[in-house]
Amino acid sequence: MAMRRARGRRWRRRAGGRLRRRLGRVTTQDVIRALWLGALIGVVTGFVAILFFEALEFATQHLLADLTGYHPPHPLGEGGQEASDPTRRWALPIVVGLGALVSGLLVYSLAPEAEGAGADQVIDAFHKRGGRIRLRAIPVKLVASAITIGSGGAAGREGPAAQISGGIGSVIADRLGLDAVERRRALVAGMGAGVGAIFRAPLGGAMMAAEALYRDDFEADAILLSLISSIVAFAVYGAWYDYTPIFGGTAGFSFQNPEELPYYLALGVACGLLGILYARGFEGAQELFNRLTAPRWVKPAIGGVLVGCIGMFAPEAIHIGYGWVQRSITPEDVMDFSLWLIIALPLLRILAASLTVGSGASGGIFAPGMVAGGMLGALFWRLFHDLPGFPADPAPLVIIGMIAVFGSIAHAPLAMMLMVGEMTGNLSLLAPAMVAVAVATLLVGNTSIYRSQVPTRADSMAHRHRFAFPLLDALPAQRAVVPLAMVRDTATVADALASLERRRSTDGVVIDEGGRLVGEITSEELRAVPDAGSPVEGFAADLPAVVLADTPLDEALDRLASHDRRWLPVLDGSDGPVLGAIDARALVRSFREAARQQVRPLTPVDEQISTMELTVAVGAPVEGKRLAEAGLPAGVRVLTMEHMGRLSAPSGDTVLRRGDRLTLAMTRGTRGEVLALILGD
């Protein structure tokens, strides 16, 4: 039996190796790779989107409907179920709170990265984690989000769908042995496929995934793969349900009267202000719950109880809310809302979503923003529909309100216009939508609902090797450290001034007993202190930024420029001692010295693994030593060595001599030590 199991394992390893080799040959063709990989991601994501939607329906029925009597309305494309008021309003805080508690326990015990919105985690994984999401985060996110939303949490399904489907793309890329570049594209493709399928908006989903990564940019490299996977996922999802848009009854509306444009411009202003309120309110809720001294898994329950209390008085503010947008399409529906409710509903939606997702419960922030924007459009019509030239129906204002609020704060206006157009089956309102979105985006400025967004591709680690100076990116900051005046925190102001004068410096830092940074001091500020015997620690100011020893020089230069600093301290680790300072002059000097020594960075293998060509310098610590005795850090590999024009693969017995040209692979954290060994200090 044991021999059969061993033979089976060997066969699986050989079969897996053959599959990866064959697929590896296929991936040399970009279009062919996009076709088969996109189709694979799309098929898997389509079935998982079906599973997620069914889980949401199951949880909503058995938690919210059965326990509280509240049946939230559905949009026409999802059955058009009418709403029924909760028969047990008192139970809403209990049900929503317990659902959030179970969600919190599940997330924080199994996959903490599944907390919160989901889309933000995907963006963070793209920029900082090589596009990698753990396999276990997928089922945890699915179940936790179904419980949060199904019990009445004010959250959407797009964020969970983005993380679940993005995780599927990431895991598939990992299993196929694709590199970090392809893994990131697969992550984006999965994100677009999940959002496109569950919202029946394949084009908008694909564009959303590529646009939401940046504040002012677009991930063009991933768009082909994302389009293919999104279309395939939509086909699978639609075959199970249908292909009708989520919101019905909106196809007949169009823009025909230019006199309406000033009203849409005014709506854009209102949407921009509401978007700012949403982004800042959500951020404030996150910070409030972060400061709360309670176990992390308890915080979602606190937020859930508060949301349930809101639901007792305004059940329209909880759950997903798309059904209420559907009920705001016609004049009769809008007039059925009480005036106070339609005024309060955009704000209550934002508050409830901030409490739900900001507390750490698993759910999306896309739907609350869209519902708040749609209800703002309905309110706009309710208040001003008697004005001359005003749109006769609320539907165009509702649709454009959805686009403008979330499109502006997500910095994805193009994707939102396409997505809402697909969700409503109406693309004829693009002209007024463009006016409203443009105004809202201008008002929002750099405010974003997604914390992990970066301004452009040049600011992302995924593209740093494209946009950075290669040599600056290869050199760590410790190669450019210059002396810095340091004063102990026990010194007096007079002692600190004397130390600065001895070093002929006007700036310095205060350090503690372990050499760790306390703050910066200047001679000008110290001379203004009336009591020179006071401890200098009390006058040390916080620094806007620091530079770590292994920070690339291009990143150090960016910090100097962005904070308008002449110098910044260099630390040996995030909580390590101060090594000295770095300034622009030292940075340029280090760059020129590395160029003189013929340091040549090569194409990086990954974000954490780089390759570099170095020449053994005269008097370097490794000169004259065998490679095995050179003391290179663990994990560093010498791939090739060129000695007197002859290229070879060195062994441990190879002696390193001055002028030898080495090609090395190393991790990011070992570059400083490798450069010191081969080039000298």
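So which residues in region 168-191 are in contact with a Lys or Arg (Cβ under 7 Å, 6 or more places away or on another chain) and at negative phi?
Correct list: S170, A173, D174, L176, R183.
Working carefully through the options A144, A201, find the one that is at pLDDT 90 or above and assigned by TED's automatic domain parsing to the domain that holds A65. Spell out the reasoning first.
Values: A201 fails: at pLDDT 90 or above.
Residue meeting the stated conditions: A144.
For region 381-397, filtering for residues that are modelled with pLDDT of 90 or more and under 19 Å from Y322 (Cβ atoms) leaves 3.
For R502, are the conditions met, namely being in contact with a helix residue (DSSP H, G or I) (Cβ under 9 Å, 6 or more places away or on another chain), of a type in the set (K, R) and farther than 30 Å from R600 by Cβ? Give the steps one after another, and end with the answer.
Working: in contact with a helix residue (DSSP H, G or I) (Cβ under 9 Å, 6 or more places away or on another chain): no; of a type in the set (K, R): yes; farther than 30 Å from R600 by Cβ: yes.
For R502, the condition - in contact with a helix residue (DSSP H, G or I) (Cβ under 9 Å, 6 or more places away or on another chain), of a type in the set (K, R) and farther than 30 Å from R600 by Cβ - is not met.
Within region 571-588, one or more residues are part of a loop (DSSP other than H, G, I, E, B), modelled with pLDDT of 85 or more and charged (D, E, K, R). Here is a list: G97, G152, G169. Which entry is among the small types (G, A, S) and assigned to a loop (DSSP other than H, G, I, E, B)? Result of the check over G97, G152, G169: G152. Look at region 126-150: where a residue is within 18 Å of G308 (Cβ to Cβ) and a partner is among the aromatic types (F, W, Y) and surrounded by fewer than 22 Cβ atoms within 10 Å (Cβ to Cβ), sitting 6+ places away or on another chain with Cβ atoms under 8 Å, you get A146/F58; G150/F58.
If you go through region 526-556 and keep only what is closer than 30 Å to L471 by Cα and either touching a helix residue (DSSP H, G or I) at 6+ places or on another chain (Cβ under 6 Å) or among the basic types (K, R) (or both), you end up with A545, V547, A549, D550, T551, P552, L553, D554, A556. Screening region 539-583 for residues that are of a type in the set (G, A, S), surrounded by fewer than 18 Cβ atoms within 10 Å (Cβ to Cβ) and under 26 Å from the mean Cα position of the chain (by Cα) and picking the one that is nearest to T522 (Cα to Cα) gives A545.
Can you confirm whether A137 is touching a strand residue (DSSP E or B) at 6+ places or on another chain (Cβ under 9 Å) and either in the same structural domain as R185 (by TED's automatic domain parsing) or more than 18 Å from I302 (Cα to Cα) (or both)?
On the way: touching a strand residue (DSSP E or B) at 6+ places or on another chain (Cβ under 9 Å): no; either in the same structural domain as R185 (by TED's automatic domain parsing) or more than 18 Å from I302 (Cα to Cα) (or both): yes.
No; evaluated as a whole, the condition is false for this residue.
Here's the yes/no breakdown for (1) farther than 28 Å from V444 by Cα; (2) in contact (Cβ under 8 Å) with a residue 60 or more places away in the chain:
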| position | (1), (2) |
| --- | --- |
| A180 | yes, yes |
| D221 | no, no |
| T244 | yes, yes |
| Y264 | no, yes |
| L267 | no, yes |
| I276 | no, yes |
| G284 | no, yes |
| L292 | yes, no |
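Of the residues making up region 342-366, those that are among the aliphatic types (A, V, I, L, M) and part of a loop (DSSP other than H, G, I, E, B) number 2.
Go through region 336-361 and give me each residue that's polar (S, T, N, Q) and in contact (Cβ under 8 Å) with a residue 12 or more places away in the chain. Reasoning before the result, please.
First, pick out the residues of region 336-361 that are polar (S, T, N, Q): 338, 354, 356, 359.
S354, T356, S359, listed by residue number.
Among residues of region 304-341 being touching an Asp or Glu at 6+ places or on another chain (Cβ under 8 Å) and not in a loop (DSSP other than H, G, I, E, B), the one that is farthest from I400 (Cα to Cα) is P315.
The values are calculated or read from the model by the stated rules, or taken from the named source; none is laboratory data. This structure is a prediction, so every number in the text was calculated from the model and none was measured. Using ideal geometry, Cβ is built from the backbone for each residue, glycine included, and neighbour counts are taken over all protein chains shown.
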